[in-house]
Structures are given as C-alpha cells and as structure tokens.
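Participant: Starting off with a structure, shown below.
The values are calculated or read from the model by the stated rules, or taken from the named source; none is laboratory data. All values derive from a computational prediction rather than experimental measurement. Neighbour counts are summed over all protein chains in view; Cβ atoms, including those assigned to glycine, are modelled from backbone coordinates with ideal geometry. Protein only, heavy atoms only, side chains kept; ligands, DNA and RNA dropped before computing areas. Shrake-Rupley method; radii C 1.70, N 1.55, O 1.52, S 1.80 Å.
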Amino acid sequence: MFSRKTILVLLLLFVVAIFFFYTQNHRIVLSSHTIEVPQMDSTHNGITIVHLSDLHSAEFGEKNERLLQNVEQQEPSFIFMTGDLIDSYTSNNGEGVDLMRELVSIAPTYYVTGNHEWRLGIVEELEETLVEIGVTVLRNEAFTIEHEGFSFQLVGIDDPDSRGTASPEEIVKDLLNEAIPSSATDSFTILLSHRPEVFSIYQDTHADLVFSGHAHGGQVRLPLIGGILAPGQGLFPDYSEGIYEEKNTKMIVSRGLGNSLFPLRLFNRPEVIRIDLQPLS
C-alpha cells in the first residue's frame, strides 16, 4: 500500500504534468523579427506583418478570443495565413473560417492553401467562403501591394498536394513559374508557401522573404537539438522554426498553432509571429 504522503506526491505530480502539457499546447507565444528592406525609403514608418499558420481547427479561448487579442495587440498592417487552416483528422466546426472572419476586421488578410485542405477536398468551397468574408486567397499568382508609398510584390502558391503525384519539388517549381511574372522586377518580393523543405527552390525565384509553416516546429523540441520530426523532412528537420537565410532569401517558418495526427507539443508552444519591415538603418 502507498502511504498518504506518497499518494499526495503522485497526485501533485499528476496535476503538474497536466498543467505543463496544457500550457505547452494552449499558451500562445509571440516571436518577433525585424527585417531591413533596402527598397524602403528611409522616411517610411515600416510595415508590421502577423504570420499565422497551421491552425488545424484549434481554438484558443472561446471563438479564438485569446488568439485574436494577441494578433490585435500587434497592430498589424497585414496578416498572412500559410495553410492548414482546417485539420483533416479532426472534426471541423468552422473554427478556421470563424477566425479568418475576425482577422479581416483587424487588417488585410492573405491566405494560401496547406496540404490538409487538399486532403479534405474542400479547397474550392473554402476559397469561395473566404473570399466572401474578405480574405484574399492567393492561388499561384502575384500582385503588387502599396503601403504608405512603399510597394512590394506578394506571391502566393498552393500546396504541392494540389497537383497529383509528382514530387513536391517539381510541383513547386511549376507553381512558381505560373505565379511569378516572367518580367524581372526590382520590387521587394514576399512569397507565401506552406512548405519550408523546398527552400532551395524559393531561393531560385530571388524572393526576398518567404513565409511558411507545415513543420509544426518539429512537434517536440529539445535543447541544443531543436525539432525532432517534421512532415516532408523526417527526423531532425533542417527547417522547423524561426528565420533562415541563404542566397539573399530569408525564410520565416512558423511553428504553427494547432496539432494534427500527433496531438501533443513539447517545448514547442503555439506561435504567433510578428515581423517588422523597416528601412535600412
């Protein structure tokens, strides 16, 4: 028989474990990056972008009120959502659409598809709904955005699951060729694309800044090691979270917000990313 003291200690450890895992999977953390833009005039006040990804139908507070408060506090100029708004393994009660409906009231909101939307076969229906509520859905296209006298090119492509069984690398190349105008541009170029593992292909487009997700931060993160496992990259992924730079292209990978097939995060809390684009100092 266990003593009363042993039972109390075990109960305490159980409660602590529940609290720990709850915070790891439900307490949002804000990550921030400042990026200098050579094309931005020195008098410009800068642009604030909030990057969200991989909601997977999750909720943070009733109707995602905690998530929305976090986004609103950043006073963003633009909001980017890089796919997997909905999860293909869990029930979908409209959490993703409800969130996007509120986001557009905060700032212009742009969205590209993830693999889960294609797996569910709901892309066309979802696109129609999102457009109706004011979201700009980017499907292999590029256009110019102006903000207080500064213009940049925004490119968005579908997830590779949109194009059959060819390799993701081949499909992404085709999608980018379709999306990016053949004429060269000196404009600062931002690319929204769900998958980070094809970073080398993004570099070939000469995109200045890429926003991506999909890796879920490696799901479990260990000190000095980083992410353990990511879809499309396997064990110890090269691109799991944070900012990467090669060949003058920077890529920001979101750890995402929700979970999918594997239900728990560890040392890898859900993430909202704030990016401040500023003139050269």
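Participant: Grab the helices (runs of 4 or more DSSP H) fully contained in the stretch 72-135, keeping just those with 2 or more residues being over 18 Å from the mean Cα position of the chain (by Cα), crowded, with 16+ Cβ neighbours inside 10 Å and acidic (Asp, Glu).
Facilitator: none
Participant: Could you tell me how many of the residues in the stretch 50-71 are surrounded by fewer than 21 Cβ atoms within 10 Å (Cβ to Cβ) and farther than 21 Å from His33 by Cα?
Facilitator: 6
Participant: With respect to the numbered conditions (1) in contact with a Phe, Trp or Tyr (Cβ under 9 Å, 6 or more places away or on another chain); (2) more than 18 Å from Leu209 (Cα to Cα), which one is the sole condition not fulfilled by Gly83?
Facilitator: The failed condition is (2).
Participant: Going by the structure shown, is Glu65 of a type in the set (Asp, Glu) and outside any loop (DSSP other than H, G, I, E, B)?
Facilitator: Details: of a type in the set (Asp, Glu): yes; outside any loop (DSSP other than H, G, I, E, B): yes.
The answer is yes for Glu65.
Participant: Now for a separate question. For the stretch 142-193, name all the residues that are among the charged types (D, E, K, R), closer than 30 Å to Pro279 by Cα and touching a helix residue (DSSP H, G or I) at 6+ places or on another chain (Cβ under 8 Å).
Facilitator: none
Participant: Right, another one. Residues to consider are Thr23, Thr48; find the one that is hydroxyl-bearing (Ser, Thr, Tyr), in contact with an Asp or Glu (Cβ under 9 Å, 6 or more places away or on another chain) and within 24 Å of Gly242 (Cα to Cα). Show your work before the answer.
Facilitator: On the way: Thr23 fails: in contact with an Asp or Glu (Cβ under 9 Å, 6 or more places away or on another chain).
Sole residue among the options that is hydroxyl-bearing (Ser, Thr, Tyr), in contact with an Asp or Glu (Cβ under 9 Å, 6 or more places away or on another chain) and within 24 Å of Gly242 (Cα to Cα): Thr48.
Participant: Something else about it: Working carefully through the options Gln24, Gln39, find the one that is in a loop (DSSP other than H, G, I, E, B), open to solvent by 10 Å² or more (accessible area, probe 1.4 Å) and in contact with a strand residue (DSSP E or B) (Cβ under 8 Å, 6 or more places away or on another chain).
Facilitator: On the way: Gln24 fails: in a loop (DSSP other than H, G, I, E, B).
Being in a loop (DSSP other than H, G, I, E, B), open to solvent by 10 Å² or more (accessible area, probe 1.4 Å) and in contact with a strand residue (DSSP E or B) (Cβ under 8 Å, 6 or more places away or on another chain) holds for just one of Gln24, Gln39, which is Gln39.
Participant: Consider the stretch 198-228. How many of its residues are open to solvent by 40 Å² or more (accessible area, probe 1.4 Å) and under 22 Å from Leu85 (Cβ atoms)?
Facilitator: Within the stretch 198-228, residues that are open to solvent by 40 Å² or more (accessible area, probe 1.4 Å) and under 22 Å from Leu85 (Cβ atoms) number 0.
Participant: So which residues in the stretch 229-274 are free of Cβ contacts under 8 Å to residues at least 12 places away in the same chain and open to solvent by less than 80 Å² (accessible area, probe 1.4 Å)?
Facilitator: Gly234
Participant: Looking only at the stretch 136-155, count how many residues are among the aromatic types (Phe, Trp, Tyr) and either open to solvent by 40 Å² or more (accessible area, probe 1.4 Å) or over 13 Å from Thr189 (Cα atoms) (or both).
Facilitator: Filtering the stretch 136-155 for residues among the aromatic types (Phe, Trp, Tyr) gives 143, 150, 152.
Next cut, either open to solvent by 40 Å² or more (accessible area, probe 1.4 Å) or over 13 Å from Thr189 (Cα atoms) (or both) only: 143.
Summing the residues that are among the aromatic types (Phe, Trp, Tyr) and either open to solvent by 40 Å² or more (accessible area, probe 1.4 Å) or over 13 Å from Thr189 (Cα atoms) (or both) in the stretch 136-155 gives 1.
Participant: Could you check Arg139 against (1) under 22 Å from Arg274 (Cβ atoms); (2) under 18 Å from the mean Cα position of the chain (by Cα) and say which number it fails?
Facilitator: Exception for Arg139: condition (1).
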